[in-house]
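The values are calculated or read from the model by the stated rules, or taken from the named source; none is laboratory data. Everything quoted here is computed from the prediction, not taken from an experiment. For neighbour counting, all protein chains shown are included, and Cβ atoms are generated from backbone atoms with ideal geometry for every residue, glycine included.
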Amino acid sequence: MTARTAPRAATRGVLYVHSAPSALCPHIEWAVGGVLGVPVSLDWTPQPAQPGTYRAELSWAGKAGAAAAVASALRGWNHLRFEITEEPTAGSEGARYSFTPELGVFHAVTGLHGDIMIPEDRLKAAVVKAALGDTTLLGEIDKLLGRPWDDELETFRHAGDGAPVRWLHQVV
C-alpha cells in the first residue's frame, strides 16, 4: 500500500524586491522562477532611495509554502532587500517575510486580513524577557510585529509607489 499525500492548496501573494544591484537582478529572476516552476522576467525600475539599485514587484500564484521557499532562496544575498507575502488557504496560514542585509529575515504568520498573528508562546517569552529587565515589553512586541524591518524598508516602499506590477500565475 502506498501513502498518498494531499496536494498542496493553491495560494497567491506578492514579491516586492525593494532594492537589488543590477548584477543580482537576473539571479533573482532565476531563483524565483526555480521555486515557482515557471520562468520569471521582472520589470526592473531604478530605486530612487538607493541610487545604483533596482526594484520590481511580482504578483504570483502557486502552492502553499512558496513564499517560504522564495524567502529561503533569496535570503543572505548582499545588498538585497525584499518582502514576500502569501495569502492563507483553507489548509494553511498566510505569511509575510521581510529581508534586509542588516537585520536578516523576519517571518510572521498572517491572518485572513493580513494582520500579524503572534503565537502565545512568543508573547509569553516577550513578557518574561521584559520582566527580567533584558528589554522592554514594547521593544519585544515591536520585534514580534517586525517593526525594525518596517522602519528600514519604509523608505524603499515609498520610493516604489506607482511602479509597474507583473502578474504571474502557475498552473497547480
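So, of the residues in region 150-166 that are modelled with pLDDT of 85 or more and closer than 22 Å to ARG12 by Cβ, which turns out to be surrounded by the fewest Cβ atoms within 10 Å (Cβ to Cβ)?
Taking the candidates together, the pick is ARG157.
Taking region 45-54 as the search range and keeping residues that are part of a loop (DSSP other than H, G, I, E, B) and touching a residue at least 24 places away in the same chain (Cβ under 8 Å), which one is surrounded by the fewest Cβ atoms within 10 Å (Cβ to Cβ)?
GLY52
Polar (S, T, N, Q), closer than 26 Å to LEU144 by Cα and assigned to a strand (DSSP E or B), is that true of SER98?
It is true that SER98 is polar (S, T, N, Q), closer than 26 Å to LEU144 by Cα and assigned to a strand (DSSP E or B).
Just one of VAL35, VAL109 is of a type in the set (A, V, I, L, M, F, W, C) and in a helix (DSSP H, G or I); which is it?
VAL35
May I ask you to verify whether LEU42 is within 23 Å of PRO26 (Cβ to Cβ), over 14 Å from the mean Cα position of the chain (by Cα) and surrounded by 15 or more Cβ atoms within 10 Å (Cβ to Cβ)?
So LEU42 passes the test.
Any residue in region 66-76 that is surrounded by 15 or more Cβ atoms within 10 Å (Cβ to Cβ), closer than 22 Å to GLY104 by Cβ and not small (Gly, Ala, Ser)?
Checking region 66-76: at least one residue is surrounded by 15 or more Cβ atoms within 10 Å (Cβ to Cβ), closer than 22 Å to GLY104 by Cβ and not small (Gly, Ala, Ser).
Which one is nearest to GLY114 (Cα to Cα), of the residues in region 13-30 that are surrounded by 18 or more Cβ atoms within 10 Å (Cβ to Cβ) and in contact (Cβ under 8 Å) with a residue 60 or more places away in the chain?
GLY13
Against the definition (within 16 Å of the chain's Cα centre (by Cα), small (Gly, Ala, Ser), part of a loop (DSSP other than H, G, I, E, B) and at pLDDT below 95), how does GLY133 come out, yes or no?
no
Does region 55-74 contain at least one residue that is closer than 23 Å to SER19 by Cα and without any contact (Cβ under 8 Å) to a residue 12 or more places away in the chain?
yes
Mind checking which residues of region 34-78 are aromatic (Phe, Trp, Tyr) and either at pLDDT 95 or above or closer than 23 Å to ALA9 by Cβ (or both)?
Residues satisfying the conditions are TRP44, TYR54, TRP60.
What residue, among those in region 112-130 that are among the charged types (D, E, K, R) and assigned to a helix (DSSP H, G or I), is nearest to PHE82 (Cα to Cα)?
ARG122
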